[in-house]
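A short write-up of the structure that comes next.
The values are calculated or read from the model by the stated rules, or taken from the named source; none is laboratory data. In this text the structure is predicted, and so the values were computed from the model without any measurement. Counting neighbours? That spans all protein chains shown, and the Cβs are built from the backbone with ideal geometry, glycine included.
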Amino acid sequence: MYIDAYGDDWFDTIQSRIDQLPSTVRSYLLIDGAFVPGLHRHGRFERKALLFESLPACTEATKDVSPFLIPVDGIDKTMRRLLERCKRWPMVSLIDTSEPLEALSKRLAAWCIVEADGQRFNFRFPDTRRLPGIHRALNATQRAQLLGPTVRWSYVARDGRWAELPVEPVASDIATNPVLDPRQFAALVDDSRIDELSSLLSSRGRAVYSQPSRSHALLAGAFRIAGHAGLADAEVLDWCEWCWVHDRLLDEASAEPALTAWRSEAS
C-alpha cells in the first residue's frame, strides 16, 4: 500500500464536518478509481458521476478506473464499506462546495487530461500524493478553474489523516483543454521523484516500511541531501538504498557523517 492506515477519528471527522455545513454547501467524496478498479460499482448510490465518462470512446474498462464523485450526507454502512476499501490507498478527497454534482463533475473532468509539451496525459489530481504538488504548480487562473466555488478540499495525506488544500472560493469558468508550461511540468516530475525511488527500491527487494509515510520522509531526506552533496545520478539510488537499509531519517546536521559512512562501505 502507498499511505498509512486511517487515523482513529477518520470517519467521525467526516460526519462531524457534514453536520456543520450550511444549507448552501454540499459535501462530495472524490475517489480515484485507478487504485481499486470497479469500486464505483460497489454500493447502491443514488447519484454518482464518473469523470472519465466525458472522454471520447469511454469503455466500461475505462469507467472502472475513473475518478468518481459521490454526494455524501453521512457515513452509513454502505459508505463505510466503500471507504474501508480505500484504506491505505491515496485515493480519497472530501470536497465542500456550492456547486451541484453535474457542475462539479464537469469542472473536475476538464482536468483529467491536460497538455504539456505537445503531449496529452492523464492528470492524476485525484491521487492524493500528487494533489498538493499539482495545486502548487498551477497558476492562479488554473487553480480557480479547478476549484471554482469550493470552500474546503480535504484529502487523505501520506500519514492517513486528513490534510487541507488551500482554497479561495471564486466564481470561475470551467477550463477548456488545460495546458501546462515547461516549468509546471518539470515541477510535477520532480514531485513524483520520491515515489519513483521507492518503486526502484522495491524492485531491489526493499519492502516499504509498515508506515509508508516514514518511508517517504526517509527517501525525501536522502534525496535532498544527495542534491546538496552533488551526487551523480548513478549514485543517488545506491545512497537512498543505504539510508533505507540503515533506517536513517537524516537532517542537515547528520548528513555528513552518514555520507562518510556510506562512501566508506561502498569503497
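Numerical summary
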| quantity | calculated |
| --- | --- |
| Test: residue in region 246-267 that is assigned to a helix (DSSP H, G or I), within 30 Å of Lys87 (Cα to Cα) and touching a helix residue (DSSP H, G or I) at 6+ places or on another chain (Cβ under 9 Å) | no |
| Criterion (farther than 16 Å from Cys112 by Cα, out of contact with any helix residue (DSSP H, G or I) (no Cβ under 6 Å at 6 or more places or on another chain) and among the small types (Gly, Ala, Ser)) met by exactly one of Ala157, Ala144 | Ala157 |
| Given (1) within 28 Å of Asp19 (Cβ to Cβ); (2) free of Cβ contacts under 8 Å to residues at least 60 places away in the same chain; (3) buried (at least 20 other Cβ atoms within 10 Å of the Cβ), number of the condition Met91 does not satisfy | (2) |
| Close pairs (7 angstrom Cβ cut-off, 6 or more residues apart or separate chains): closer than 21 Å to Ile95 by Cα in region 40-57, assigned to a helix (DSSP H, G or I) and of a type in the set (Gly, Ala, Ser) anywhere | Ala49/Ser105; Leu51/Ser105; Leu51/Ala109; Ser54/Ala109 |
| Test set (1) of a type outside the set (D, E, K, R); (2) out of contact with any Ser or Thr (no Cβ under 6 Å at 6 or more places or on another chain); (3) closer than 30 Å to Arg214 by Cβ - Ser23 fails condition number | (3) |
| Qualifying residue in region 83-92 (condition: in the same structural domain as Val167 (by TED's automatic domain parsing) and either of a type in the set (Phe, Trp, Tyr) or over 21 Å from the mean Cα position of the chain (by Cα) (or both)) | yes |
| Extreme residue, nearest to Phe35 (Cα to Cα), among residues of region 135-188 that are of a type in the set (Lys, Arg) and surrounded by 15 or more Cβ atoms within 10 Å (Cβ to Cβ) | Arg158 |
| Flag for Pro132 being surrounded by fewer than 19 Cβ atoms within 10 Å (Cβ to Cβ), modelled with pLDDT of 95 or more and either part of a loop (DSSP other than H, G, I, E, B) or not assigned by TED's automatic domain parsing to the domain that holds Arg85 (or both) | no |
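This table checks each residue for (1) outside the structural domain of Pro166 (by TED's automatic domain parsing); (2) among the small types (Gly, Ala, Ser); (3) crowded, with 16+ Cβ neighbours inside 10 Å.
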residue	(1), (2), (3)
Asp32	no, no, yes
Gly38	no, yes, no
Arg47	no, no, no
Glu53	no, no, no
Met79	no, no, yes
